[in-house]
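Remarks on the structure that follows.
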Amino acid sequence: MLITVVGLYTSRIVLKALGVDDYGIYGVIGGVVGMASFLNTAMAGATSRFITFELGSSNTDKLKKIFSTSLLIHIAIAIIVAILAETAGLWFVNNKMNFPADKMFAVNVLYQFSILSMMVSFTQVPYTAAIIAHERMSIYAYFEIINAILKLGIAYIILSINSERLIIYASLMLTVSIISAFMYRIYCIKHFVCTRFHFLIDKKLMREMLAYSGYDLYGNMCDIARTQSIPLLLNMFFGVVANAAASITGTVITAVSGFSMAIFQAFKPQIVKQYAAKDITAMKKTMQHALAFMILTFSTVAIPLFIFTKEIIHLWLGEVPLYSVEFLRLMLIGLIFTLIINVYNTAIHATGHIKQLSLITGSIYMLSPIVGYTILKNGFSNINTVYIVNIAVLIAGSAFSYRQHRFNISHSIHK
């Protein structure tokens, strides 16, 4: 709750400091860099699952190998993604995106800072996974609160600066990422023996983890394309003003979903551990509780926000940016199905049988940018198009996740 309130207030200060155009630029550049993060997202899922699973199996020796192996893989992924971002990504930013000419220097500097921040976050994944797998939720909460307060401090610093605010803001956000990474690393190394890195390459384990993440890779790539294509399509067809509205909407959605996902973080390790212990009945009950609490917390915030969208945005920002009311309402509808998907997908990942899930849901998600682009390219100029298509895709994805979960659990019980 504290992080949500601080995060929303921080966004208000940042919007005031940067202005609508620069705020939109910051959001869309983050989207471009985020397009390359599907590699890390797939591996992050594998890391979290393997660490949590071995904790449930009480296999300490293998846990040490998993952590060191996953960290090496994440470092390799960070380097690969940085190369992609500095080649294809940089070309796309400078040749295909729609930015004011006088902002191109700031855009390119911001892009470089975003790449560095992304690399830090990639290598952070195994440490965060270790804290959550050990269910140290209070530590996780403290670190995230510190992170939110530091970002609020940055917002006030930017407000007091008269020039190059976008560049300075990006550099300070990178600094916060580095500080956060050090906090997690120091705590993990001090409290968890398994997180003390040893340069070892367990080829069998590496193949096992890469095979698991490889199945997940396609699905995550398509999901990243689904989410990050929204600001890109808005930029290509409607400009940075639409990006500013999308960034504001994204900030609110992150806060609302974070409120519900914080609840889910407490349930997630239990779901995987209960499956590892072959206690399917307990796992199903945990899933039911998780879904009930998530929907309850989501509804508590989302229903008033949906009804009084314009009034709340005005109270929050002092003004209501163009398109922001429609965008936010549509994203709230889509978020309901995202929360449902997260619960069922966690159970599916616990079983390790994710090939079909990845291939089918990934293909469904990929329809979002393809259909959205096709509609807009053919002259249908309704700015809400990309969000409406996104909702349809999420409904289909949640239906398939539920079906696949039922099949996997039934198969596990039979075995």
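The values are calculated or read from the model by the stated rules, or taken from the named source; none is laboratory data. Model, not experiment: these values are computed from the prediction. Every residue, glycine as well, gets a Cβ built from its backbone with ideal geometry; the counts of neighbours run over all protein chains shown.
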Single residue of Thr249, Thr281 found to be in a helix (DSSP H, G or I) and surrounded by fewer than 23 Cβ atoms within 10 Å (Cβ to Cβ): Thr281
Only listed residue being crowded, with 20+ Cβ neighbours inside 10 Å, out of contact with any Gly (no Cβ under 8 Å at 6 or more places or on another chain) and either under 25 Å from Tyr9 (Cα atoms) or not aliphatic (A, V, I, L, M) (or both), chosen from Leu166, Leu174: Leu166
Considering only segment 309-344, state which residues are among the hydrophobic types (A, V, I, L, M, F, W, C), under 13 Å from Val252 (Cβ atoms) and over 19 Å from the mean Cα position of the chain (by Cα). Ile312, Ile313, Leu315, Trp316, Leu317, Val320, Val325
Please verify whether segment 316-329 includes one or more residues that are at pLDDT below 90, out of contact with any His (no Cβ under 9 Å at 6 or more places or on another chain) and β-branched (Val, Ile, Thr). no
Looking at segment 230-246, which of its residues are over 14 Å from Val386 (Cα atoms), buried (at least 21 other Cβ atoms within 10 Å of the Cβ) and out of contact with any Pro (no Cβ under 7 Å at 6 or more places or on another chain)? Val240
Confirm whether Ser138 is surrounded by fewer than 18 Cβ atoms within 10 Å (Cβ to Cβ), farther than 27 Å from Gly258 by Cβ and not hydrophobic (A, V, I, L, M, F, W, C). no
When only residues in segment 352-366 that are of a type in the set (A, V, I, L, M) and either in contact with a Cys (Cβ under 6 Å, 6 or more places away or on another chain) or surrounded by fewer than 17 Cβ atoms within 10 Å (Cβ to Cβ) (or both) count, which is nearest to Lys273 (Cα to Cα)? Leu359
